[in-house]
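Asker: Encoded as structure tokens, here's the structure I'll be asking about.
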Amino acid sequence: MKKIFLLIAAMAFLSGCDDGEMTFKTFDFSGANAQRCSDNNLIYKINGTEVLILDIDPSYLVNIPTPEGSPRVVTITTTGTNKIVYRNYSSSLSSNTICSELPPSSPTVRDEWKGDGTVNIITTPKFTDGKLSAYIHTIRLVDVSFNKDGETIRIVDNSFGEVNSPLGYTFNFNDDANPTPVQRCSQNMMIYKINQSEALMVDIDLSIFNNGVGGPYEVDLSITTDNNEIIFDKYNGSVTTGNICDVVKPITPVVINRWYAVSGTLKVITENDPVSGGVLHKIYFANTVFQNNNGETILIGDTEDYFFGLYTN
């Protein structure tokens, strides 16, 4: 006869079968922190010999805040992309047991239950010293049924835990205390700055620098019918001028993430340069939003204008 067990709360208890067959011992992972494998999509919690493993498409963990009351809903199946598995091992285990491409020979899996159901994810920004530093993904098992050999264990409204997603970039191109000049490609009109594996490129009509002393002279970055384009690139290695300016780009490094400025204002203030006798153009960004293909955004210049650098012509 099919045995059906119902677990409503996180602390529900089921004892092992008398015939020695392994089953859920406690399903109590409340004292364990959720962890992520660095080389795959696995998120897991360990409690002694027990582990709860969640394997979901990374698109559900994008760095985009979820609207209040509208979490991301993940459908879990035993055969699809998104999966959840409960395992009980022969002895205590570590992250190496879960994350290794070639699992160690010991401990061994003594019991495994695969789940179907629904998981919710709420994403919120994390701020450190008033600056956005990461995103927190709060994961909840809304209704998941684990199955094995005709038996079912149902978990309802159970917290899986939180995992952090780093920003993956620094976006550090300004230094008000020590203003630095922007660079310009000799082949085209592009002006840019490089900071190790990141580059911020400004491709605009350079006639804005011919307006004489004064300003701010402004470019509306929300207009899509002009040829103005501001790009922020994150590479997988150190950037060189060739990556920005050459018609035929170097093979490495390559762009791993690209953002475009989709709104905001570029400002230019032109001042006399007492040293050269010419003029200096100070470039700022105000309330500028950059967005990538995943919909992730970067906001700069929201509390005060973001100083990009100095340009001379």
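Asker: How many angstrom separate the Cα center of the stretch 290-311 from the Cα center of the stretch 67-91?
Answerer: 35 Å
Asker: Roughly speaking, what is the centre-to-centre gap between the stretch 234-274 and the stretch 149-193 when only Cα atoms are used, to the nearest Å?
Answerer: 16 Å
Asker: To continue, here is another question. In nm, give the distance between the simple-model label positions of LYS148 and LYS126, each being 7 Å from the Cα along the Cα-to-Cβ direction.
Answerer: 3.2 nm
Asker: How are the alpha carbon pair distances in the chain distributed across 20 Å bins from zero to the largest one, expressed in percent?
Answerer: Going out from 0 Å in 20 Å bins, the chain shows 26, 40, 24, 8, 0 percent.
Asker: From the phi angles alone, apply the Karplus equation (6.51, -1.76, 1.60; θ = phi - 60°) to the stretch 126-132 and give each ³J(HN,Hα) in whole Hz, x where the residue is Gly or Pro.
Answerer: Computed from phi, the couplings for the stretch 126-132 are 10, 10, 10, 6, x, 10, 4 Hz.
Asker: Roughly to the nearest percent, how much of the accessible area of the chain is carbon and sulfur, given a 1.4 Å probe? The partial results should precede the final answer.
Answerer: Numbers: 8080 of 16510 Å².
Whole-percent figure for carbon plus sulfur exposure: 49.
Asker: Okay, helix-only estimate at 222 nm for the chain: each DSSP H run of n ≥ 4 adds -39500 (n - 2.57), divide by all residues, round to 500 deg cm²/dmol; what do you get? Please list the in-between numbers first.
Answerer: On the way: 2 runs with 10 residues, N = 313.
Calculated from helices alone, the mean residue ellipticity at 222 nm is -500 deg cm²/dmol.
Asker: Cα-Cα over 19 Å: which of LYS45/LYS83; LYS193/LYS234; LYS249/LYS282?
Answerer: Numbers: LYS45/LYS83 14 Å; LYS193/LYS234 12 Å; LYS249/LYS282 29 Å.
From LYS45/LYS83; LYS193/LYS234; LYS249/LYS282, over 19 Å: LYS249/LYS282.
Asker: Enter the accessible area per residue of the stretch 164-209 (Å², integer; probe 1.4 Å; all protein chains in place).
Answerer: It amounts to 49 Å² per residue over the stretch 164-209.
Asker: For all pairs of alpha-carbon atoms in the stretch 78-210, what percent lies in each bin of width 5 Å, listed from the first bin to the last filled one?
Answerer: 2, 7, 10, 11, 12, 11, 8, 7, 7, 7, 6, 6, 3, 1, 0, 0
Asker: If amide hydrogens are placed 1.01 Å from N in the peptide plane, which non-local residues have theirs closer than 5 Å to the one on ASP143?
Answerer: THR118, ASP157
Asker: For the stretch 270-286, in order, what is each residue's ³J(HN,Hα) by Karplus, 6.51 cos²θ - 1.76 cosθ + 1.60 with θ = phi - 60°, in whole Hz (x at glycine and Pro)?
Answerer: The phi angles translate into 9, 10, 5, 9, x, 7, 8, x, x, 10, 10, 10, 9, 10, 10, 10, 10 Hz.
Asker: Check ASP273: other-chain or 5+ apart residues with amide H under 5 Å from its amide H, H built from backbone geometry?
Answerer: GLY278, VAL279, LEU280
Asker: While we're looking at this one, here's another question. Could you tell me which of ASN96, SER59, VAL268 has its Cα farthest along the dipole of the chain towards the positive end, charges placed at Cβ (Lys, Arg +1; Asp, Glu -1), taken about the Cα centre?
Answerer: ASN96
Asker: Once the Cβ-Cβ distance between THR180 and VAL248 is put in as r, and R0 is 25 Å, what FRET efficiency do you end up with, to the nearest 0.05?
Answerer: Once rounded, the FRET efficiency stands at 0.35.
Asker: With a 1.4 Å probe and every protein chain left in place, work out the accessible area per residue of the stretch 22-126 in Å², rounded to a whole number. Numbers along the way, then the final one.
Answerer: On the way: 5130 Å² over 105 residues.
That works out to 49 Å² for each residue.
Asker: About the Cα centre of the stretch 30-185, how large is the charge dipole given +1 on each Lys and Arg Cβ and -1 on each Asp and Glu Cβ? Please answer in debye to the nearest 20. Before the final figure, lay out each step's value.
Answerer: Details: 13 positive and 17 negative charges, 13 e Å.
I would put it at about 60 debye.
Asker: Rounded to the nearest 20 Debye, what is the dipole magnitude of the chain about its Cα centre when Lys and Arg each give +1 and Asp and Glu each give -1 at the C-beta?
Answerer: Here the size comes out at about 620 debye.
Asker: Sticking with this structure for a sec: Among GLY309, ASN147, ILE191, pick out the residue whose Cα is farthest towards the positive end of the charge dipole of the chain, where Lys and Arg carry +1 and Asp and Glu carry -1 on C-beta, about the Cα centre.
Answerer: ASN147
Asker: Another question about this same structure. Can you work out the Karplus-derived ³J(HN,Hα) for every residue in the stretch 219-236? Use 6.51 cos²θ - 1.76 cosθ + 1.60 with θ = phi - 60°, whole Hz, and x for glycine or proline.
Answerer: 10, 7, 7, 7, 7, 9, 8, 9, 9, 6, 8, 10, 10, 10, 10, 10, 9, 8
Asker: Points 7 angstrom from Cα along the Cβ direction at ASN236 and THR170: gap in nanometres?
Answerer: 2.1 nm
Asker: Between ASN82 and SER106, what is the label-to-label distance in nm when each label sits 7 Å out along the Cα-to-Cβ direction?
Answerer: The two pseudo-label positions are separated by 3.9 nm.
Asker: Compute the Cα gyration tensor for the stretch 71-128, then decide on rounded, prolate or oblate, letting a ≥ b ≥ c be the square roots of its eigenvalues: rounded whenever a/c is under 1.5, prolate when a/b is larger than b/c in the other cases, and oblate in all that remain. Intermediate values should be presented prior to the final figure.
Answerer: Details: a/c = 2.75, a/b = 1.49, b/c = 1.84.
Judged from the Cα gyration tensor, the stretch 71-128 comes out oblate (a/c at least 1.5, b/c at or above a/b).
Asker: Next question. Subtract the Cα-Cα distance of ILE256 and VAL156 from 0.36 nm times their separation in residues, and report this length gain in nm to one decimal.
Answerer: 32.1 nm
The values are calculated or read from the model by the stated rules, or taken from the named source; none is laboratory data. All values derive from a computational prediction rather than experimental measurement. Please note: Cβ atoms are built from the backbone with ideal geometry, for glycine as well, and neighbour counts cover all protein chains shown. Heavy atoms of the whole protein, side chains included, go into the accessibility calculation; ligands, DNA and RNA do not. Shrake-Rupley method; radii C 1.70, N 1.55, O 1.52, S 1.80 Å.
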